[in-house]
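Enquirer: Take this structure, written in structure tokens, and hold onto it; I'll ask about it next.
Read the figures in this text as sums done on the coordinates, not as results from a lab. All values derive from a computational prediction rather than experimental measurement. Cβ atoms come from the backbone with ideal geometry, glycine included; neighbour counts cover every protein chain shown.
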Amino acid sequence: ALFKTHYYGGIKKYQWTTIPMALHGVIVKADGTRITVNIGEDEQDPVFCVSDLLPHLATEQMKRPLSQGIKGEELNLLVGSRPFRDGEDSSAVKLNILNILYEKYGITEADFLSAELEAVPVSKARDVGFDRSMIGSYGHDDRVCAYTALMATADCENPKYTSVLVLTDKEETGSDGNTGLCSAYLQYFIADLAAAFGQEARTVLSHSRCLSADVNAAFDPTFPDVLDPRNAAFLNYGVVVTKFTGARGKSGTSDASAEFVAEIRNLMDENRIIWQTGELGKVDAGGGGTVALYIANMDVDTIDVGVPVMSMHAPMEVVSKIDVYMAYKAFLAFISDRS
């Protein structure tokens with residue numbers, strides 16, 4: 001029995017086969033009943049995986065381009081193998097799995113129509129390296145920035161100005177939808193907040209500042225050709241400030257002003273924060289984007305500040321503990337000390 005999947009964002013699909021996976025998410029039944037799903041994290045739970053061909057029979061598969069080594073339609077999650085043994089459907093593996101799901105969760109096949117389930121690696125965050133200087137985990141992009149921003153906001157007892165932390169969705173697929181940052185929900189929130197003080201939302205937005213908390217690519221000495229060592233972020237060099245992202249000719253970026261970059265430089269230096277700058281790869285090597293432009297488009301001075309990551313979008317991403325701590329310090333300084 002297999003679950004069909006649809007991968008999220010940009011991944012190297014071959015990396016996601018033959019590793020133990022857990023299921024997280026929700027199933028909402030037709031009557032509105034909400035069922036939380038968390039299977040695979042507990043030691044007693046079963047896990048799931050995407051199968052792959054054995055090398056002995058993979059001659060044709062290994063002739064494919066690397067990007068097609070595993071196709072999207074082949075990312076099928078193995079969820080069972082034993083048939084239902086009662087009645088006429090004695091060979092129906094699918095029926096047996098549905099029966100288990102009904103007995104455990106009270107759900108039917110139709111309930112998957114209104115479900116949101118994510119398959120993620122079964123692995124706790126671990127120290128990496130003999131010196132334990134790094135952290136390995138899936139989803140550092142962008143949990144590592146969401147966590148540090150959240151902790152900084154919680155630890156700031158007396159912010160000088162009203163501070164707003166936005167944890168948003170759909171960033172890897174374009175930020176569309178009513179939970180993505182292209183939605184008007186943030187503008188509506190600011191408008192309501194401004195109205196309570198007799199102000200216009202556009203006035204509040206134009207006087208606001210924003211750190212777009214997102215990661216950048218860390219220099220990897222195994223793959224130096226796509227990164228410019230004179231213009232790249234490195235592990236242990238601190239939080240990375242990225243003036244602009246985008247691809248090639250800065251396509252799809254907000255490009256912070258020189259004045260705002262100077263303000264952030266001064267903030268970092270005054271608060272003794274270790275920081276660096278860097279681009280996401282060589283100029284013509286590809287690039288990537290963040291949500292910074294969607295905030296900047298609302299007339300808010302915005303710049304990307306985050307943690308350098310090795311093996312980004314892989315089942316195990318790697319960050320430096322120093323860089324994570326400096327990201328926390330940068331966010332805390334930003335909401336605490338801005339003049």
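Enquirer: Could you give the size of the charge dipole of the chain about its Cα centre, using +1 on the Cβ of each K and R and -1 on the Cβ of each D and E, expressed in debye and rounded to the nearest 20?
Expert: Using Cβ point charges on Lys, Arg, Asp and Glu, the chain gives about 480 debye.
Enquirer: Filter the chain for me: DSSP H helices, axial length by Cα at least 20 angstrom, mean Kyte-Doolittle hydropathy not below -0.5. List them by residue number.
Expert: TM-like helix candidates: 140-155, 321-337.
Enquirer: In whole Hz, with x marking every Gly and Pro, tabulate ³J(HN,Hα) for the range 54-61 from phi via Karplus 6.51 cos²θ - 1.76 cosθ + 1.60, θ = phi - 60°.
Expert: 5, x, 4, 10, 9, 4, 6, 4
Enquirer: Mind jotting down the distance between the C-alpha centroids of the range 184-242 and the range 248-290, whole Å?
Expert: Using only Cα atoms, the two centres lie 9 Å from each other.
Enquirer: Okay, next question. Highest first, please rank the peptides 51-61, 140-150, 277-287 by the mean number of other Cβ atoms sitting within 10 Å of their residues.
Expert: 140-150, 277-287, 51-61
Enquirer: Note down the magnitude of the dipole of the range 2-121 about its Cα centre, charges +1 on Lys and Arg C-beta and -1 on Asp and Glu C-beta and zero elsewhere, to the nearest 20 debye.
Expert: 500 debye
Enquirer: While we're looking at this one, here's another question. Taking 29 Å as the cut-off for C-alpha to C-alpha distance, list the pairs among K124/K243; K4/K124; K94/K170; K104/K124; K170/K282; K12/K243 that go past it.
Expert: Among K124/K243; K4/K124; K94/K170; K104/K124; K170/K282; K12/K243, the Cα-Cα distance tops 29 Å for K124/K243; K94/K170.
Enquirer: Among C49, Q276, V144, whose Cα sits farthest toward the positive end of the charge dipole of the chain (+1 at Cβ of Lys/Arg, -1 at Cβ of Asp/Glu, about the Cα centre)?
Expert: Q276
Enquirer: Okay, moving on. Can you find, among A296, L332, G286, the residue farthest towards the positive end of the dipole of the range 242-339? Put +1 on the C-beta of Lys and Arg, -1 on that of Asp and Glu.
Expert: Looking along the dipole axis, the top candidate is G286.
Enquirer: Under 5 Å between amide hydrogens, which residues at least 5 positions from L181 or on another chain qualify, with H placed 1.01 Å from N in the peptide plane?
Expert: Under 5 Å from the amide H of L181 lie the amide H atoms of D169, each far enough along the sequence or on another chain.
Enquirer: Give me the distance in nm between label points sitting 7 Å out from Cα along the Cα-to-Cβ direction at D31 and R126, one decimal.
Expert: The two pseudo-label positions are separated by 4.4 nm.
Enquirer: May I pose another question? Whole Å is fine, so just give me how far the alpha carbon centre of the range 91-134 lies from that of the range 38-64.
Expert: Between the Cα centres of the range 91-134 and the range 38-64 lies a distance of 14 Å.
Enquirer: Given all pairs of different Cα atoms, what value in angstroms does the Kirkwood hydrodynamic radius of the range 191-339 take?
Expert: Taking every pair of different Cα atoms in the range 191-339, averaging 1/r and inverting gives 16.1 Å.
Enquirer: log₁₀ I(q)/I(0) of the range 2-121 at q = 0.17, 0.18 Å⁻¹, via Debye over equal Cα point scatterers, no solvent, to two decimals?
Expert: For the range 2-121, the Cα-only Debye profile gives -0.98, -1.06.
Enquirer: Over the Cα atoms of the range 283-339, Rg to Rh with Kirkwood Rh, two decimal places?
Expert: 1.04
Enquirer: Quick one: which residues, 5+ away or cross-chain, put their amide H under 5 Å from the amide H of R64? H built at 1.01 Å from N.
Expert: Here the answer is none, since no amide H 5 or more places off falls under 5 Å of that of R64.
Enquirer: Which of [x] 0.94; [y] 1.06; [z] 1.15 is the computed Cα Rg over 2.2 N^0.38 Å for the structure on display?
Expert: Step by step, Cα Rg over 2.2 N^0.38 Å for this structure corresponds to label [z].
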